[in-house]
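Report on the structure given below.
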Amino acid sequence: MGAVAVRRAGAGLTAGALTWAAAISVFGSTGVGVGERVVDLTGLCFQLGVFCLLWVQMRTRALGTSRAAAVALRVEAVVLGVASVWSLLHGVLPDDLKNGAWLAPLDMCWPLSMLGMAAISVKLAAAGRWRGLLRWWPLVAESWAVVTVPSFLLVGEDLSRWVGAGHLVIGYAAFGLLLVTRPDDVLNSGKG
């Protein structure tokens with residue numbers, strides 16, 4: 001893996017985060033009608049960006065060199081994959097199918113994948129294999145669910161949409177830009 005690959009993955013993360021943030025700003029986090037579908041499909045764009053991040057974390061052994069660290073990232077990829085299938089199906093299926101109970105187990109993978117990313121950020125910081133801001137910024141980015149869900153419950157949709165969109169920009173979009181501008185901080189993992 002080289003700097004160009006890290007930069008491309010970072011650009012993917014930034015693009016996905018900005019796309020979903022824009023949709024949330026316009027339609028809210030749940031949306032209605034066409035807006036709901038746009039939020040779902042731009043959420044899928046964000047998930048694809050997170051796959052870019054996971055790929056870099058896997059390739060650089062960001063959580064360490066143990067088998068458990070590698071398994072944790074693979075498990076996260078599976079959970080995120082299931083959540084991505086939900087986003088796609090919920091964004092394209094007719095209303096009578098997309099709201100069926102059969103999709104509920106897939107829907108549960110969305111918050112589980114975000115909680116998994118939060119756990120990964122803690123392990124990444126503790127492992128110390130990435131350097132500088134890239135060691136610590138995942139703690140900011142991957143606190144999205146921990147910040148946004150309570151804001152939705154406390155202040156409702158109108159204000160929480162701005163919290164969610166803003167956090168995506170400050171957290172994940174900035175994280176992607178750090179990968180674009182500082183690839184050596186992840187490529188020289190464990191070297192100081």
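The values are calculated or read from the model by the stated rules, or taken from the named source; none is laboratory data. No experiment lies behind these values; they were computed from the predicted model shown. No Cβ is skipped: glycine too gets one built from the backbone with ideal geometry, and neighbour counts run over all protein chains shown. Ligands, DNA and RNA are excluded from the accessible area calculation, which covers all protein heavy atoms including side chains. Shrake-Rupley method; radii C 1.70, N 1.55, O 1.52, S 1.80 Å.
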Residue match in region 145-164 (condition: at negative phi, surrounded by 15 or more Cβ atoms within 10 Å (Cβ to Cβ) and modelled with pLDDT of 90 or more): no
All positions within region 60-87 that are touching a residue at least 40 places away in the same chain (Cβ under 8 Å) and buried (at least 16 other Cβ atoms within 10 Å of the Cβ): 60, 61, 62, 63, 64, 69, 72, 73, 76, 84, 87
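Can you pull out the residues in region 94-133 that are acidic (Asp, Glu) and open to solvent by 70 Å² or more (accessible area, probe 1.4 Å)? Working first, answer last.
Quick first cut of region 94-133, residues acidic (Asp, Glu) only: 95-96, 107.
95, 96 - these are the residues of region 94-133 that are acidic (Asp, Glu) and open to solvent by 70 Å² or more (accessible area, probe 1.4 Å).
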Index of the failed condition, residue 91 passing every other in (1) surrounded by 16 or more Cβ atoms within 10 Å (Cβ to Cβ); (2) at pLDDT 95 or above: (2)
Residue check, residue 43 among the small types (Gly, Ala, Ser), crowded, with 23+ Cβ neighbours inside 10 Å and either at positive phi or in contact with a helix residue (DSSP H, G or I) (Cβ under 6 Å, 6 or more places away or on another chain) (or both): yes
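Looking only at region 17-38, count every residue that is part of a helix (DSSP H, G or I) and either under 23 Å from residue 140 (Cβ atoms) or open to solvent by less than 10 Å² (accessible area, probe 1.4 Å) (or both) and tell me the total.
In the first step, residues of region 17-38 are kept if they are part of a helix (DSSP H, G or I); the result is 17-27, 34-38.
Restricting the remaining residues to those that are either under 23 Å from residue 140 (Cβ atoms) or open to solvent by less than 10 Å² (accessible area, probe 1.4 Å) (or both) gives 17-25, 35.
Going through region 17-38 one residue at a time, the tally reaches 10.
Does residue 56 count as surrounded by 19 or more Cβ atoms within 10 Å (Cβ to Cβ) and either touching a Pro at 6+ places or on another chain (Cβ under 8 Å) or part of a helix (DSSP H, G or I) (or both)? Give the steps one after another, and end with the answer.
Working: surrounded by 19 or more Cβ atoms within 10 Å (Cβ to Cβ): yes; either touching a Pro at 6+ places or on another chain (Cβ under 8 Å) or part of a helix (DSSP H, G or I) (or both): yes.
In short, yes.
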Qualifying helices (runs of 4 or more DSSP H) (wholly inside region 82-150; at least 2 residues being aromatic (Phe, Trp, Tyr)): 132-141
